[in-house]
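Reviewing the structure listed below.
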Amino acid sequence: MLKDAGLVRDRAVGTRRIYHLDPAGISVLRTQLDRFWAQALTAYKDAVEQPAGEVMTQTHAEPVQQQIVVNAGLERAFALFVERFDAIKPREHNIMAVPIAETVFEPRVGGHIYDRGEDGTQCRWARVLAYEPPNRVVFSWDINGHWQIETDPDKTSEVEVRFIAESADRTRVELEHRNLERHGEGWEAVRDGVGHDAGWPLYLQRYADVVDSEQR
């Protein structure tokens with residue numbers, strides 16, 4: 001059996017057969033065992049470091065992706081998305097206790113997107129993670145599946161908006177809302193909400209309307 005496995009060699013010496021280890025076979029076996037134990041120890045380490053009460057999961061949510069082409073050059077398309085975000089976000093998309101007076105998009109990394117209520121209170125529901133005009137902007141989505149503010153950054157998803165010039169006066173805008181599984185239990189509600197016709201598709205259509213109104 002060991003010979004068939006390539007672990008030993010044999011040779012005849014008179015009426016006897018002498019067996020000895022095959023270095024090549026032993027090397028292969030050692031490599032396989034090292035790989036096995038490395039994987040086993042990594043799995044053990046992950047299990048030990050998993051916070052108590054949490055169940056390990058391999059869930060990976062497919063990102064919500066939308067796109068639209070607007071009638072504006074690249075730089076103008078980017079600027080209007082940021083500067084006119086107040087007109088893009090519907091007022092009825094509100095998790096505050098008071099009506100929204102305005103929505104502010106702070107154009108810098110470390111800035112926020114927030115709603116200001118009519119009573120002056122603020123609801124910061126996104127953090128600007130990347131700001132690269134006129135090509136892309138990335139911000140977090142700090143709202144959980146119960147449509148409440150999530151204060152743990154590790155349990156938030158992110159939105160990337162890319163701007164690609166199709167011609168001198170037309171720009172394709174691609175939106176990707178990813179890492180939705182980070183929201184944990186109930187992440188499906190976030191996916192269904194932002195992917196619904198009244199979610200990002202509505203925002204992009206309102207954005208296109210803003211762009212068109214600027215051309216008149």
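Every read-out reported here was derived from the displayed coordinates using simple, explicitly stated rules and does not represent laboratory data. Since the model is a prediction, treat every value here as computed from it, not as a measurement. Cβ atoms come from the backbone with ideal geometry, glycine included; neighbour counts cover every protein chain shown.
Can you find, within region 85-96, the residue that is farthest from Val137 (Cα to Cα) among those that are loosely packed, with under 14 Cβ neighbours inside 10 Å and touching a residue at least 12 places away in the same chain (Cβ under 8 Å)?
Ile95
State all residues of region 108-120 that are loosely packed, with under 15 Cβ neighbours inside 10 Å and closer than 30 Å to Asn135 by Cβ; if no residue qualifies, say none.
Arg108, Val109, Gly110
Residue by residue through region 160-216, note down the ones that are within 13 Å of Gln67 (Cβ to Cβ) and among the aliphatic types (A, V, I, L, M).
Val161, Ile164, Val173, Leu175, Leu204, Ala208, listed by residue number.
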